[in-house]
Amino acid sequence: MSGVLQDLRYAVRQLRKRPGFTAVAVLTLALGIGATTAVFSVVDEVLLHPLPYPESGRIVSVSETYEGVPTLDASPANYLDLASQNQVFAYMAASRAWQVSLSEGDRPERIKGTMATPSLFPLFGVSPILGRGLEASDAQPGNDHVVVIGYGLWQRYFAADRAMVGRNIRLNSEEYTVVGVMPPNYSPDDYGELWVPSPWGVPTHPLAPDKDPRQFRDRNYLDVWARLKPGVTSEEARVQLDTIARRLEKEYPDSNAKVGVSFLPLHDYVVGDIRPVLLVLLAAVVVVLLICCANVANLLSARAASRAREISIRTTLGASRRRLLRQLLTESVLLALVGGVLGLLLAVVAVPSLLALSPPEIREFKQIGINREVLAFSFLASVVCGVMFGLLPALQGSQSNPGECLKEGERGSTANRGRTRSALVIAEVGLSLVLLVGSGLLVKSFARLMEVNPGFDPDHLLTFSLGLPSSADPAHQLAFYEQVLGGLQALPAAKSVGAVSRLPLSGGNSSRSFNASGSADEYTADVRVSTSDYFRAMGIPLLKGRSFSESDLGSSINVAIINDALAHNVFPGQDPIGKLLTNFGPDHVTLQIVGVVGNVRHVGLDTVPRAELYQMLGQAQWPSMYVAIRSATSDALSLTSAAQNVVWSVNKDVPLANLRTMQEVIANSVERRRFSMLLLTIFAAVAMLLAAIGLYGVMSYSVAQRTREIGIRMALGARRPDVLALVVKQGMTLVFLGIAGGFLLALGMTRLISGMLFGITSTDPLTFVGVAALLASVALLANYLPARRASKVDPMMALRYE
């Protein structure tokens, strides 16, 4: 133990003797370790930590499949059959999203809520901190106006009132009694600001709240959850669910043909598609850390050369190579630990900024930060880095020849160290190229994505959502929206106003099946309910026919407007105007096509436009609508206050929710791509800078070592341009070797991000060539500075150097 303390004291003295070297090395390591720790803190919480529910690994999300493809939801009747017939789940629960207006005094607020079966709370194994959860008796008609509220809502809206249980609140203009308050961070069903039961025991259909949902077998709208019984494996559960699905298919061939059942572990359901993004970013930041280690290894190698005489004297006085190796490694590990402490402080500052840039899937994890696991990772990373970058210089430094080094004027052999430093620079350049290529591909992909025509004009467009109770009378819903849209249209700054059930790029979808007149083939289309002026407000072009009109409300036949994709799919080479769509939806209504509009990329800018159909509000019921106002001014948000006043003049209990410009909607839809592109670009830029610094350091050291040689060359007639070319050639040879190795590595590594690209391939030649040219240009500048200094060597001074 005393030997270790002695090594530490000596290491501290050595690092204090060279404050410049120590500062550069510590800052370099702090940058790499800090960035790695910050990204790892996100990966740790999102991917590695279990969810905050007892035995969360046994909780699964259950969904129906059609022809083997998961639909991510289920119908009430199929859910009830699964719940009663399976022997593998300890609990099953069903829920659906429930958008609700919470009215307390003059502060109405739109809340994301859930209609759920009472089994939801015991399934997740979390009890309320106040009151109770939902119980079976709450699902009885007349007892269903009770609500359990979430912790965040309790604090934000009700000031953490501990007398909340038993208090009545107004939801959608109806009285509900609060029976419980859930603990923090409890939102298992992906909505969770409040939970209410259904009077039927199963959540009702949003468009048929008065109908018994237990009869619905072909209306899929439920989120289904289950907890595996102890000892039951996933494979056993899959076999039994498949058996039940086949049985239901035989019993109900009209609705359950080709319908199966699948499930997904809750953690995979929550993490979703963010896993590959985080793993790519973690790999990128580890590459940056490796480049940092290579830079510090180069610094230590150069320092070891200057300490050759010291080490030779210690060897002469009896120090063994093992003892010297331990001393040198102690210095490098101490250096890394100091860098790790500073890096940890940088990570503490960086994590909030990282979260601010991250997509919602990451921000939903409230516990991201510096915890014990992250601290342990930072310490381990520091020690590993200290050994990694210190081992090779220590091995070289501990094997010096005392006889040679003690000769007066002898510098000792530096050939091996020179080759090592050159190899490290080649590795740095190669790794930097990999990150630059990945970054370049993502930047180009993102640029291609933002060039996509969304199918509407997003400029000067304000959007928000309004919601009425799903139980509201259809005539009342229509009257409410007519008054609101009329009032908004009368605003001086409003050019046109419309409403739709699902706003483009805002998430959510609803599809219906139908037959075309004269054909037995069944088709499927995404369905939206809109007003007549919606297309004009959004800038969606009308290609054929007409838009909706008020006269359609009194017509004996329902009308529809279809998009161009549906027209080409169902009526190729025909004029679809006047054609009939029969057996539409579960109610088997008939629609007549009156217009064709342009395709809109509703799901995402990176998805092909799907077949879509619009129904007219009034002929179709939809309680929650998105309003689009095209502003006459460039500042669409300036309409917010006036729009709220118009809505409240019609119904003071209805707030504006999801208030955004359409440009914001587009920006939010590409958040994940922007996040990965931005971070990878930052890491690539840092890697390139570090590689340039490493090259500069190696070439500067090489020039210092060759000062006498350069002086002799110039004394014998070499010109300055010749010396300049000599040094540049030496440095650029390392760069081109690194680029060549980086190309080979990038060709394999970029396949990992192929799923994150749009409009280009992972081997895009222009990106590879452009990135190589950029890296070579930066490297040339880093190489030119020491080469220029070498060309200015005074031959007489150089010859006197020794």
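Just one of the listed residues (VAL647, VAL654) is in a loop (DSSP other than H, G, I, E, B), closer than 21 Å to SER465 by Cβ and in contact with a helix residue (DSSP H, G or I) (Cβ under 9 Å, 6 or more places away or on another chain), and it is VAL654. A single member of ARG660, ARG673 is within 27 Å of the chain's Cα centre (by Cα) and within 30 Å of GLN483 (Cβ to Cβ), and it is ARG660.
Being farther than 30 Å from MET688 by Cβ, touching a Phe, Trp or Tyr at 6+ places or on another chain (Cβ under 6 Å) and open to solvent by 50 Å² or more (accessible area, probe 1.4 Å) holds for only one residue in LYS17, LYS112, and it is LYS112. GLU175 meets all of the listed conditions (1) over 22 Å from PRO469 (Cβ atoms); (2) open to solvent by 60 Å² or more (accessible area, probe 1.4 Å); (3) not in a loop (DSSP other than H, G, I, E, B) but one, namely (1).
Note on the stretch 68-103: residues that are outside any strand (DSSP E or B) and not hydroxyl-bearing (Ser, Thr, Tyr) total 14. Residues that are open to solvent by 20 Å² or more (accessible area, probe 1.4 Å), touching a helix residue (DSSP H, G or I) at 6+ places or on another chain (Cβ under 9 Å) and part of a helix (DSSP H, G or I) were ranked within the stretch 755-771; the one that is nearest to PHE675 (Cα to Cα) is MET756.
Residues checked against (1) over 30 Å from MET756 (Cβ atoms); (2) open to solvent by 40 Å² or more (accessible area, probe 1.4 Å); (3) in a strand (DSSP E or B):
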position: SER547; (1), (2), (3): yes, no, no
position: THR590; (1), (2), (3): yes, yes, yes
position: VAL596; (1), (2), (3): yes, no, yes
position: ASN599; (1), (2), (3): no, yes, no
position: SER641; (1), (2), (3): yes, yes, no
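In the stretch 428-541, counting only strands (runs of 3 or more DSSP E) that sit wholly within it, the ones holding 1 or more residues that are among the β-branched types (Val, Ile, Thr) and surrounded by fewer than 21 Cβ atoms within 10 Å (Cβ to Cβ) span 522-530.
For the stretch 266-313, taking the residues that are out of contact with any Lys or Arg (no Cβ under 9 Å at 6 or more places or on another chain) and not in a helix (DSSP H, G or I), the one that is modelled with the lowest pLDDT is identified as ARG307. For first residues located in the stretch 781-792 and under 12 Å from SER700 (Cβ atoms), partners that are outside any helix (DSSP H, G or I) and lie 6+ apart or on another chain with Cβ distances below 8 Å form the pairs ALA790/ARG706.
Checked against the criterion of being part of a helix (DSSP H, G or I), of a type in the set (S, T, N, Q) and in contact with a Pro (Cβ under 9 Å, 6 or more places away or on another chain), the stretch 191-212 has no qualifying residue. Quick one: which of LEU466, LEU478, LEU503 is over 30 Å from LEU449 (Cβ atoms) and either among the basic types (Lys, Arg) or under 33 Å from the mean Cα position of the chain (by Cα) (or both)? Among LEU466, LEU478, LEU503, only LEU466 is over 30 Å from LEU449 (Cβ atoms) and either among the basic types (Lys, Arg) or under 33 Å from the mean Cα position of the chain (by Cα) (or both).
Within the set SER511, SER501, SER519, SER471, the sole residue that is of a type in the set (Ser, Thr, Tyr), at pLDDT 90 or above and either in contact with a helix residue (DSSP H, G or I) (Cβ under 7 Å, 6 or more places away or on another chain) or within 29 Å of ASN220 (Cβ to Cβ) (or both) turns out to be SER501. A residue that is touching a residue at least 40 places away in the same chain (Cβ under 8 Å), over 17 Å from LEU503 (Cα atoms) and open to solvent by 20 Å² or more (accessible area, probe 1.4 Å) can be found somewhere in the stretch 612-621. Looking at the stretch 228-241, which of its residues are surrounded by fewer than 14 Cβ atoms within 10 Å (Cβ to Cβ) and either part of a helix (DSSP H, G or I) or within 34 Å of the chain's Cα centre (by Cα) (or both)? Listed by number, the residues that qualify are PRO230, THR233, SER234, GLU235, VAL239. Which one of these is within 25 Å of the chain's Cα centre (by Cα) and open to solvent by less than 10 Å² (accessible area, probe 1.4 Å): LEU222, LEU281? Matching residue, one of LEU222, LEU281: LEU281.
Filtering the stretch 46-84 down to residues that are touching a Ser or Thr at 6+ places or on another chain (Cβ under 8 Å) and acidic (Asp, Glu), which residue is surrounded by the most Cβ atoms within 10 Å (Cβ to Cβ)? It comes out as GLU64. Taken together, the residues in the stretch 669-698 that are of a type in the set (Gly, Ala, Ser) and open to solvent by less than 10 Å² (accessible area, probe 1.4 Å) amount to 5.
The values are calculated or read from the model by the stated rules, or taken from the named source; none is laboratory data. Because the structure is predicted, anything quoted here is derived from the model rather than measured. Here the Cβ is made from the backbone with ideal geometry for all residues, glycine too, and neighbour counts use every protein chain on show. Side chains are part of the model used for accessible areas, which takes the heavy atoms of the whole protein and leaves out ligands, DNA and RNA. Shrake-Rupley method; radii C 1.70, N 1.55, O 1.52, S 1.80 Å.
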